[in-house]
Amino acid sequence: MADCIFCDIVAGKIPASKVYEDEFALAFMDLSQPERGAGHILVIPKAHVEDIHAIPEVTLGWVHAVAARMAGAVKQALNPDGVLIWQSTGRAAGQVVPHFHVHVMAQWDGDGYELFGGKFPPEADAEKIKEAARKIARHVLAPPHHHMETEGIRPRDN
């Protein structure tokens, strides 16, 4: 896609510090890094997909499988206290580049990079939670297990 920095990285037009690449996904170092050690990786599908609402489920699964492997590699290489994995959709949620991506970031106790600034939203009323669950549940689509079976897609052993 024109004007997509991640597509330009995939095409080799912009250099990146690649950590992993296969036919479907690319993992590379983010330019923003924790101060205690460089361990912030972005995992993207090579094909342009704007966000979670547009990504095919098989691609989503593949990108997350790569993200899990990157988390393991970060843990082995850097020995952080934890590894934060997140994905933002939409500017209000923090998505800056309109190309689906998953962040994998090494975390150290007290490094100041806690999710939500170290604070979580306040606990809501139980009835409010139940009502929200009912509303959301009405819109959940069935998982694609039958598609995976008919297409012969099976998880690979590590």
Quickly run through region 1-37 and pick out the residues that are of a type in the set (D, E, K, R) and free of Cβ contacts under 8 Å to residues at least 60 places away in the same chain.
Asp3, Asp8, Lys13, Lys18, Glu21, Asp22, Glu23
Output the qualifying pairs, or none if there are none: Cβ atoms under 9 angstrom, residues six or more apart or on different chains, first residue in region 95-117 and in a loop (DSSP other than H, G, I, E, B), second residue modelled with pLDDT under 85 and of a type in the set (Lys, Arg).
Trp108/Arg36; Asp111/Arg36
Considering region 26-60, residues that are of a type in the set (Gly, Ala, Ser) and within 30 Å of Gly112 (Cα to Cα), and then whichever is modelled with the highest pLDDT, we arrive at Ala27
Is it the case that Ala77 is surrounded by fewer than 14 Cβ atoms within 10 Å (Cβ to Cβ), without any contact (Cβ under 8 Å) to a residue 40 or more places away in the chain and aliphatic (A, V, I, L, M)?
yes
Going through region 9-37 in order, the residues found to be assigned to a loop (DSSP other than H, G, I, E, B), buried (at least 16 other Cβ atoms within 10 Å of the Cβ) and small (Gly, Ala, Ser) are Ala16
Selection from region 80-96 of residues that are surrounded by 14 or more Cβ atoms within 10 Å (Cβ to Cβ) and within 19 Å of Cys7 (Cβ to Cβ)
Gln87, Ser88, Thr89, Gln95
Go through region 23-42 and give me each residue that's closer than 16 Å to Phe100 by Cβ and among the acidic types (Asp, Glu).
Asp30
Hits in region 38-64 - residues which are in a helix (DSSP H, G or I), surrounded by fewer than 16 Cβ atoms within 10 Å (Cβ to Cβ) and without any contact (Cβ under 8 Å) to a residue 60 or more places away in the chain:
Gly61, His64
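The values are calculated or read from the model by the stated rules, or taken from the named source; none is laboratory data. Keep in mind the model is a prediction, meaning the values are calculated, not measured. As a convention, Cβ positions derive from the backbone with ideal geometry for all residues, glycine included, and neighbour counts pool all protein chains shown.
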